[in-house]
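First up is the structure itself, then whatever we jot down about it.
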Amino acid sequence: MVDEQQATMQRKKFATETKQVLELFAKWLYQNKEIFLRELISNASDAIDKLKLGALKDESLFDGDSDLKIWVMYNKETNTLTVKDNGIGMSLEEVIENLGTIAKSGTKQFIERMSQEQSRDANGQLIGQFGVGFYSAFVVSEKVEVRTRKAGLSEADGVFWSSAGVDEYDVRQDQVSQRGTEITMYLKEDAKEFLDEFRLRKIITTYSDHIAYPIVMFVEKTLDADKESDKDAEPRKEIQEEVVNQANAIWTVPKKEIKDEEYEAFYKHVSHDFNMPLAWTHNKVEGGKLEYTSLLYIPSEAPFDLWNREYKHGLKLYVQRVFILDDAKNLLPTYLRFVKGVVDSNDLPLNVSREVLQSSATVDMIRSGCVKRVLDLLGYLAENEPDKYQKFWDAFGAVLKEGPAEDFANKDKIAALLRFTSTKCDDQKQTLSLDAYIERMAENQENIYYVTADSYQSAKNSPHLELFENKGIEVLLLSDRVDEWLVSRLNEYQGKKLVSISRGDVDAGEDLKLDEQEEEALKKSEADFEDILKRAQDVLKDRVKEVRFSKRLKSSASCIVADEDEMSSNLRRMLIESGQSVPDMKPILELNVKHGLLTRMKDETQDEKFADLAHVLLDQAILAEGGQLDNPAAFVKRMNDLVS
Ligand code: ADP
Ligand code: MG
């Protein structure tokens, strides 16, 4: 019996952010109202997955009913549409938790995006990603009722929940005769269109065809007239259950039998992304040591939370068709975290846990197989469908750049996929491959040159570029945060070294050798200026490691340089910003003997004025690198003194 106390209806307020989401849904004027059905079916399918997984350990959860299904029913008299499943169900606490609050982060972003007029329709499709799918029922409903009973609990432990989707809901313990969840929607006046068999079928086959469980509708069938004894009587009608979706796991179907539209629809289901996938690769491995199937998709747009620390990988693991887990992090490296899809293994045990996955040789083999598939697919796109590849790069290039550091074995393969901008590209769009760079470099050029900075503008205007421009040598302009990380691991490509132009002694590169005349002229002027080096060194000894003459500058007066084996000032800055401690490091200051300021220094007899000039040259060089001054006010004062 239901306990008196528990049976009492409780009225509860929705959490604040739930309320905001509900407000949005209630006022939904946009297209694609029908997505609510996809969301409810997706939840029903998740609930059945969970039940199956639970039943692996405890078969009694099935309680005699292992014929798992999803029902979609409508009733024109009551104006109701019902979605029902015999999955895991929910306890009272779970109902309050799941249908009163929103577990996933990102609700704020969701509301912000939905409030932008232009992007509403597109973003309406992101509901699934934001973990607010259930509430989309209120797009079409005046009132929603939920009856649910958790697997393993008794009839009396069922739950009844009801809400008009404004700011509160009612909930109580109730008798519920079947395990699973039933959601009944009292449709709004302008949503009656959903009380129609053909409309519902169409929506289900469009969005939910490859849900692995049967989606059943009750349809009226006219019985075969021949079998009737009385031919003049009205044809007899009967209500029958009919499965309206394909109800198969698409990855188990042979490739040849799957249409592109079916692959695309399945993508939308696994990824909760409304955009079309950019490309996919579907493979069955069998006959050898391993047996598994993978269906891996590359999305066409980056999800909003790609850079969040808790970003969920979009790969689902199945074992012998049974769903095991979402977010299968062990099956793909982090630098491929944008990949969505399914891996179904025949070798892993059904009770495999996250812990086991971390140290399983089988998983390692599957993982390297998946990596190969994805890299091959990207290589194929780069080669044969450059426009698509560029779209991929624009969305996920910065993620792929983590690759060479994370996946040493595939370093070269990944490097071939990288795209950059350079001093010879028109703008900051990253379109240049390392192969194309090598292709167009002069025959005697030995290295691949790059400069790193914290923005495209400061990379493009770096004083270090002057000599290279003069010599006509192309330099890669790296300004993504991840670039420092990339070049710290990627030292070589196709036998060419990757060399930073702001580090070490540029003269080291054969490419930049000055000709005899230049060399001589430089020697001569260096001799002329010799004594200012020592004076400047004395003045700046607390701030720099060394002051020397520059071979790389043409028009700027000064620049700072890191030693060959030291980290660049850009990397130092990034590490400091991210709160890491970095060893104290002083830069090398290089001075350009061809610049007028040096002549002025040479002629400066007053020590104090000389010191001002030296500090200004150093501060300028730091600013030109995008760095920050320890004492900006002092810089400004010295500048003003110099100018006036
Ligand atoms: P999400 O599916 O992304 O978690 P939803 O808003 O769609 O977000 O659902 C919220 C939660 O409510 C689910 O995570 C699940 O715990 C619970 N839930 C929703 N529908 C069902 C159902 N049919 N059976 C069991 N639990 C459900
Ligand atoms: Mg959902």
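Can you tell me which of LYS545, LYS513, LYS496, LYS534 is closer than 30 Å to SER433 by Cα and touching a strand residue (DSSP E or B) at 6+ places or on another chain (Cβ under 9 Å)?
Values: LYS545 fails: closer than 30 Å to SER433 by Cα; LYS513 fails: touching a strand residue (DSSP E or B) at 6+ places or on another chain (Cβ under 9 Å); LYS534 fails: closer than 30 Å to SER433 by Cα.
The conditions single out LYS496.
Would you mention how many residues in segment 249-289 are over 27 Å from ILE127 (Cβ atoms) and part of a loop (DSSP other than H, G, I, E, B)?
Result for segment 249-289: 6.
Could you give me the residue pairs with C-beta distances under 9 Å whose first residue belongs to segment 8-24 and is basic (Lys, Arg), whose second residue is assigned to a helix (DSSP H, G or I) wherever it lies, and which are 6+ apart or on separate chains?
Pairs found: LYS12/ILE96; LYS13/LYS19.
Residues of segment 271-312 being aromatic (Phe, Trp, Tyr) and within 16 Å of ligand 1 (Cβ to nearest atom), which ones?
So in segment 271-312, the residues aromatic (Phe, Trp, Tyr) come out as 274, 280, 292, 297, 304, 307, 311.
Listed by number, the residues that qualify are PHE274, PHE304, TYR311.
Give the residue that is nearest to ligand 1 (Cβ to nearest atom), with candidates limited to residues of segment 67-97 that are open to solvent by 10 Å² or more (accessible area, probe 1.4 Å), in contact with a strand residue (DSSP E or B) (Cβ under 8 Å, 6 or more places away or on another chain) and assigned to a helix (DSSP H, G or I).
ILE96
Determine which single condition GLU577 fails, assuming it passes every other condition in (1) among the acidic types (Asp, Glu); (2) surrounded by fewer than 15 Cβ atoms within 10 Å (Cβ to Cβ); (3) more than 29 Å from VAL499 (Cβ to Cβ).
(3)
Within segment 556-615, restricting attention to residues that are under 30 Å from LEU486 (Cα atoms), assigned to a helix (DSSP H, G or I) and free of Cβ contacts under 8 Å to residues at least 12 places away in the same chain, which residue is farthest from the chain's Cα centre (by Cα)?
Across segment 556-615, the extreme among qualifying residues is ILE576.
Return the pair list, or none, for Cβ contacts closer than 6 Å from residues in segment 259-276 that are open to solvent by less than 50 Å² (accessible area, probe 1.4 Å) to residues that are modelled with pLDDT of 90 or more and part of a helix (DSSP H, G or I), at least 6 apart or on different chains.
Listed pairs, sorted by first residue: PHE266/ILE250.
Given the structure, is SER479 farther than 30 Å from GLU406 by Cα, without any contact (Cβ under 8 Å) to a residue 60 or more places away in the chain, in contact with a Ser or Thr (Cβ under 8 Å, 6 or more places away or on another chain) and buried (at least 17 other Cβ atoms within 10 Å of the Cβ)? Step through it out loud before you land on a result.
Working: farther than 30 Å from GLU406 by Cα: no; without any contact (Cβ under 8 Å) to a residue 60 or more places away in the chain: yes; in contact with a Ser or Thr (Cβ under 8 Å, 6 or more places away or on another chain): yes; buried (at least 17 other Cβ atoms within 10 Å of the Cβ): yes.
Considered against the rule, which asks whether it is farther than 30 Å from GLU406 by Cα, without any contact (Cβ under 8 Å) to a residue 60 or more places away in the chain, in contact with a Ser or Thr (Cβ under 8 Å, 6 or more places away or on another chain) and buried (at least 17 other Cβ atoms within 10 Å of the Cβ), SER479 comes out as no.
Across segment 290-320, which residue is nearest to LEU377 (Cα to Cα) among those that are in a loop (DSSP other than H, G, I, E, B) and free of Cβ contacts under 8 Å to residues at least 40 places away in the same chain?
Here is the first cut: in segment 290-320, the residues in a loop (DSSP other than H, G, I, E, B) are 290-291, 300-313, 320.
Restricting the remaining residues to those that are free of Cβ contacts under 8 Å to residues at least 40 places away in the same chain gives 307, 309, 311-313, 320.
Values: TRP307: 23, ARG309: 27, TYR311: 23, LYS312: 22, HIS313: 19, GLN320: 26 Å.
Result: HIS313.
State yes or no: is LYS551 at pLDDT below 85 and either in contact with a helix residue (DSSP H, G or I) (Cβ under 7 Å, 6 or more places away or on another chain) or closer than 25 Å to LEU613 by Cα (or both)?
Details: at pLDDT below 85: yes; either in contact with a helix residue (DSSP H, G or I) (Cβ under 7 Å, 6 or more places away or on another chain) or closer than 25 Å to LEU613 by Cα (or both): yes.
In short, yes.
Determine whether segment 465-473 contains at least one residue that is outside any loop (DSSP other than H, G, I, E, B), modelled with pLDDT under 90 and open to solvent by 60 Å² or more (accessible area, probe 1.4 Å).
yes
Tally the residues that are assigned to a loop (DSSP other than H, G, I, E, B) and not charged (D, E, K, R), restricting the search to segment 189-211.
Step one: filter segment 189-211 for residues assigned to a loop (DSSP other than H, G, I, E, B), giving 195-196, 208-211.
Then keep just the ones that are not charged (D, E, K, R); that gives 195, 208, 210-211.
Adding up the residues that qualify gives 4.
Yes or no: LEU56 open to solvent by 50 Å² or more (accessible area, probe 1.4 Å), of a type in the set (A, V, I, L, M, F, W, C) and farther than 19 Å from VAL219 by Cβ?
Values: open to solvent by 50 Å² or more (accessible area, probe 1.4 Å): yes; of a type in the set (A, V, I, L, M, F, W, C): yes; farther than 19 Å from VAL219 by Cβ: yes.
Considered against the rule, which asks whether it is open to solvent by 50 Å² or more (accessible area, probe 1.4 Å), of a type in the set (A, V, I, L, M, F, W, C) and farther than 19 Å from VAL219 by Cβ, LEU56 comes out as yes.
The values are calculated or read from the model by the stated rules, or taken from the named source; none is laboratory data. The shown structure was predicted, so the numbers you read here are calculated from the model rather than taken from an experiment. Here the Cβ is made from the backbone with ideal geometry for all residues, glycine too, and neighbour counts use every protein chain on show. Keep in mind that these areas ignore ligands, DNA and RNA; they rest on the heavy atoms of the full protein, side chains included. Shrake-Rupley method; radii C 1.70, N 1.55, O 1.52, S 1.80 Å.
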